[in-house]
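Engineer: Here you go, one structure.
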Amino acid sequence: MNEIFQQLSQQHNLSVEAIQTLWVSLQTGHGKSAQFNHPELGGMGQWMPGMIMLGDMNNHALKAKVDAVCTELVQHIGTASGGMAAFSSFSSTWWDAKLGSPSSSANSNDLAYAYFSVHHCLAVKHGERIVYYNTQPYKVSGFSVQNQQLQIQTDQGSIALDNLPTMTV
């Protein structure tokens, strides 16, 4: 793993110690989540597929960097454990089956989302209503829910759901 830590350190301009902090946190979370505290990573933070929170809340570049490192490290945890199932917090699918399995999904009270990076599609369920949004041309790095409002973290900053065009699946 030291070679991978070195590679990620150089690729993302983070210290090996910061990478190792994420590695240990991901192992503790069985590859499904990480809770960490490191100054280079914005202080206290947590990561799950599709969701990242950092103490440095508005540093979107750092969020994207931490997400990329965690995503890469999770692949190695999966290899070490014989492969892990796709992440999902849902036991049943509510989105159009043509989309397949989401890259990330979550729910909060009456609001749920499933993101399909391959299709650049974000499915959002609010109550019984399901709407599909086109996320192109953005590179989505995470999601957050505040006051039942979904915010999308992208390479161009935080984007409100209302700013995305809808699409037909």
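The values are calculated or read from the model by the stated rules, or taken from the named source; none is laboratory data. Quick caveat, the model's predicted, so the values are computed rather than measured. Note that each Cβ is placed from the backbone with ideal geometry, even for glycine, and that neighbours are counted across all protein chains shown.
Engineer: So which residues in the stretch 28-45 are among the polar types (S, T, N, Q) and either surrounded by 15 or more Cβ atoms within 10 Å (Cβ to Cβ) or in contact (Cβ under 8 Å) with a residue 60 or more places away in the chain (or both)?
Structural biologist: Result: Ser33, single match.
Engineer: Which condition from (1) modelled with pLDDT of 85 or more; (2) part of a loop (DSSP other than H, G, I, E, B); (3) in contact with a Phe, Trp or Tyr (Cβ under 9 Å, 6 or more places away or on another chain); (4) surrounded by fewer than 16 Cβ atoms within 10 Å (Cβ to Cβ) is the one that Ser101 breaks?
Structural biologist: (1)
Engineer: So, in the stretch 9-58, exactly how many residues are closer than 23 Å to Tyr113 by Cα and either among the polar types (S, T, N, Q) or in the same structural domain as Val140 (by TED's automatic domain parsing) (or both)?
Structural biologist: 4
Engineer: Just to be sure I understand, how many residues within the stretch 124-169 are in a loop (DSSP other than H, G, I, E, B) and closer than 25 Å to Lys98 by Cβ?
Structural biologist: Looking only at that region, the number is 12.
Engineer: I would also like to ask the following. Filter the stretch 123-166 for residues that are surrounded by 15 or more Cβ atoms within 10 Å (Cβ to Cβ), closer than 22 Å to Asp110 by Cα and hydrophobic (A, V, I, L, M, F, W, C) and give the result.
Structural biologist: Ala123, Val124, Ile130, Phe143, Val145, Leu150, Ile152, Ile159, Leu161, Leu164
So that you can scan it fast, the table gives a plain yes or no per residue for (1) of a type in the set (A, V, I, L, M, F, W, C); (2) modelled with pLDDT of 85 or more:
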site: Val66; (1), (2): yes, yes
site: Gln75; (1), (2): no, no
site: Thr79; (1), (2): no, no
site: Phe90; (1), (2): yes, no
site: Asp110; (1), (2): no, no
site: Pro137; (1), (2): no, yes
site: Ser141; (1), (2): no, no
site: Ile159; (1), (2): yes, yes
site: Asn163; (1), (2): no, yes
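Residues are listed down the side, and each one gets a yes or a no for (1) out of contact with any Ser or Thr (no Cβ under 9 Å at 6 or more places or on another chain); (2) within 17 Å of Lys63 (Cα to Cα):
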{"site": "Ala97", "(1), (2)": "yes, no"}
{"site": "Ser104", "(1), (2)": "no, yes"}
{"site": "Asn107", "(1), (2)": "no, no"}
{"site": "Ala112", "(1), (2)": "no, no"}
{"site": "Val124", "(1), (2)": "yes, no"}
{"site": "Val131", "(1), (2)": "no, no"}
{"site": "Lys139", "(1), (2)": "no, yes"}
{"site": "Asp155", "(1), (2)": "no, yes"}
